[in-house]
1. Every residue in region 27-61 that is surrounded by 13 or more Cβ atoms within 10 Å (Cβ to Cβ), modelled with pLDDT under 95 and part of a loop (DSSP other than H, G, I, E, B), please.
2. Step by step: first the residues of region 90-139, then only those that are farther than 18 Å from Gly72 by Cα and of a type in the set (Lys, Arg), then the one that is nearest to the chain's Cα centre (by Cα). Which residue is that?
3. State whether one or more residues within region 68-75 are under 18 Å from Gln41 (Cβ atoms), within 14 Å of the chain's Cα centre (by Cα) and assigned to a helix (DSSP H, G or I).
4. Mind listing whichever residues of region 76-122 are among the small types (Gly, Ala, Ser) and either at positive phi or not in a helix (DSSP H, G or I) (or both)?
Amino acid sequence: MNGFRNVALAAFVGWCSALVVLSAQGTPGTAAPAAAAAGDQQTRGKALYLDKCSTCHQENLKGTNESPPLAGDMFWRNWETYSANNLLEQIRTTMPQDNPGGLQRQEYVDIVAYILRTNEVPLTGDLPSDADSLKQVIIKQKDK
């Protein structure tokens, strides 16, 4: 299962990297999209996911043959009982593939919050951004 997770995350990193490169080629000095700049964490996370991740992982987070799903049974098999910090660090250190760590930490946190909420992980309020607090957030299914 670790092998599949590594391959899946590598594919996810590659896709996100391509998006970062394309985004970086935009007009210098332009602001981030309005949806990502304002609103709650869920709104920011969804906007970032759609912009940076959905080309490979699909808008519904179900993935493809080349990229792992970020929702559903495979997500649970790979991530249940891990902390939100484990997931964040896996994504942050491997995505985007051509520029791991290329996003701001808060952007990674917002994307992880969106992934967790899409999977109905019970969260109260915004996902914290510091590692110690994220280690306290255990990925578990609702009603378990």
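1. Scanning region 27-61 gives Ala32, Pro33, Gly39, Cys53, Gln58.
2. For region 90-139, the residue satisfying everything is Arg92.
3. No: zero hits.
4. First, pick out the residues of region 76-122 that are among the small types (Gly, Ala, Ser): 83-84, 101-102, 113.
Within region 76-122, Ser83, Gly101, Gly102 qualify.
The values are calculated or read from the model by the stated rules, or taken from the named source; none is laboratory data. Fair warning: this is a prediction, and the values are worked out from it, not measured in the lab. A quick note on method: Cβ atoms are made from the backbone with ideal geometry, for glycine too, and the neighbour counts reach across all protein chains shown.
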